[in-house]
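Here the structure comes first, spelled out in structure tokens, and everything after it is commentary.
The values are calculated or read from the model by the stated rules, or taken from the named source; none is laboratory data. None of these values were measured; they are calculated from a predicted model. Note: ideal-geometry Cβ built from the backbone for every residue, glycine included; neighbour counts use all protein chains shown. Heads up: the accessible areas ignore ligands, DNA and RNA and are worked out on the full protein's heavy atoms, side chains in. Shrake-Rupley method; radii C 1.70, N 1.55, O 1.52, S 1.80 Å.
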Amino acid sequence: MTIFEAYNDCKRQLQAAGIEEYVFESKQIIRHITGYTNAQILTKYTQSLSNFQRDNLTAIIKQRLIRYPLQYIIGKWNFFGREFFVGPGVLIPRSDTETLIDVCLESIKKTENPRVLDLCAGTGCIGITIKGERNDARVTLVEKFDEALTYTNKNVAHNNVDVNIVKGDVLKTEGADGPYDLIVSNPPYINDSDMSTLQPEVTFEPTTALAGGSDGLDFYRHITKEYKQYLSKYGTLAFEVGINQADAVAEIMKENGFLNVQTRKDYCEIDRVVFGTVD
Ligand SMILES: C[S@@+](CC[C@H](N)C(=O)[O-])C[C@H]1O[C@@H](n2cnc3c(N)ncnc32)[C@H](O)[C@@H]1O
């Protein structure tokens, strides 16, 4: 079987299984099994796959047909131009979260050596990206679960950034000593009823990264109330929120005395980030 035949076979099987991004995914899979870049694939498409590569392809397609996430199969994923290791036990970075990075970078634009706290860090994609974009920032990442922390640590090393990692429970306000110029969080925010209707791929991601309590707002209430005292004068609190949560989260922030509370839309025009300042 040539690379071109393998690509077509992969596309056909993924499409038949109803996988929406079957073209994009097939390209990623072929790159993964051959180790070639897109440009190399274009020149080597008549080359035959080795037995190992064929077996690997068969195994990967089988995993995708049960909706095991492509990102876990490949083992790494791109976020804001950087590579992050991913796998079972950690949430896969989403492009929606890049909007949160934009807001964070704007909020610390005029602050030298800003102190930044990333709560619920997972892969570390938020804190690591902020440090990567602002080398003078002093960044702390807080994560509770060991499975996720394995990836936080690996990604800090892989991206070669100097940040502080704390194993801590955000719901017990652990990991803070402040004052911070920016506290940012993409916490678990799926409500109980939506937890039973997740996309098949999402069911392979850790429940601990998804479930945010009966209305999905537990972490927003706690972080807003308990971490406010750790913000510096004019410091910013910025959250990623789920679909239809922006108004409720903005209300929680206003009730807790935050000022200039604003919402920012993601690339799909969904209200995705809520942020405000203490002064
Ligand atoms: C929605 S994921 C976000 C991960 C990453 N920040 C991102 O944007 O992709 C939430 C993360 O919070 C962690 N987490 C859940 N409960 C926590 C708690 N009580 N304290 C600290 N981290 C927690 C989960 O393990 C998970 O890594």
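Annotation for region 25-103: GluC sites (Glu not before Pro) lying in DSSP loop with at most 15 further Cβ atoms inside 10 Å of their Cβ do not exist.
Ligands, DNA and RNA left out, the 1.4 Å accessible surface of region 3-66 is 51% carbon and sulfur atoms. Take region 89-277 with all the other protein chains still there, run a 1.4 Å probe, and you get 45 Å² of accessible area per residue. Once all protein chains are placed together, H32 keeps about 70 Å² accessible to a 1.4 angstrom probe. Taking the square roots of five times each eigenvalue of the Cα gyration tensor of region 3-66, the equivalent ellipsoid has semi-axes of 19, 13, 9 Å, listed largest first. The angle between the Cα long axis of helix 3-16 and the main principal axis of the chain comes to about 60°, on a 0 to 90 degree scale.
Applying both filters, DSSP loop and at most 13 other Cβ atoms within 10 Å, to the GluC sites (Glu not before Pro) of region 250-279 gives E269. Applying 0.36 nm per residue to the separation of Y45 and D194 and subtracting their alpha-carbon distance, the gain on full extension is 49.3 nm.
Across the protein chains, with a 1.4 Å probe defining accessible surface, the residues S185, S193 rank S193, S185 from largest area downward. Lysine pair count for region 89-277 with Cα-Cα distance under 21 Å and sequence separation of 8 or more or different chains is 25. Extension gain for K233-R94 works out to 46.9 nm (0.36 nm per residue, less the C-alpha to C-alpha distance). Rolling a 1.4 Å probe across all protein chains gives V139 an accessible area of roughly 10 Å².
The antiparallel fraction among DSSP beta bridges confined to the chain stands at about 45%.
Here the chain is described by how far its Cα atoms reach on the three principal axes: 64, 41, 33 Å, from widest to narrowest.
Leaving out ligands, DNA and RNA, what percent of the accessible area of region 89-277 is carbon and sulfur, probe 1.4 Å? Roughly 46 percent, rounded to a whole number. Solvent exposure of region 3-66, expressed per residue, is 63 Å² of accessible area, with all protein chains present and a 1.4 angstrom probe. Dipole magnitude for the chain: about 800 debye, using +1 per Lys or Arg Cβ and -1 per Asp or Glu Cβ, origin at the Cα centre.
Between the residues V163, I252, Y220, the greatest Cα displacement towards the positive end of the dipole of region 135-279, with unit charges on the Cβ of Lys, Arg, Asp and Glu, is found for V163.
Projecting label points 7 angstrom from Cα along Cα→Cβ for D55 and E5 puts them 1.9 nm apart.
Computed with a 1.4 Å probe on the full set of protein chains, the accessible area for I41 sits at about 30 Å².
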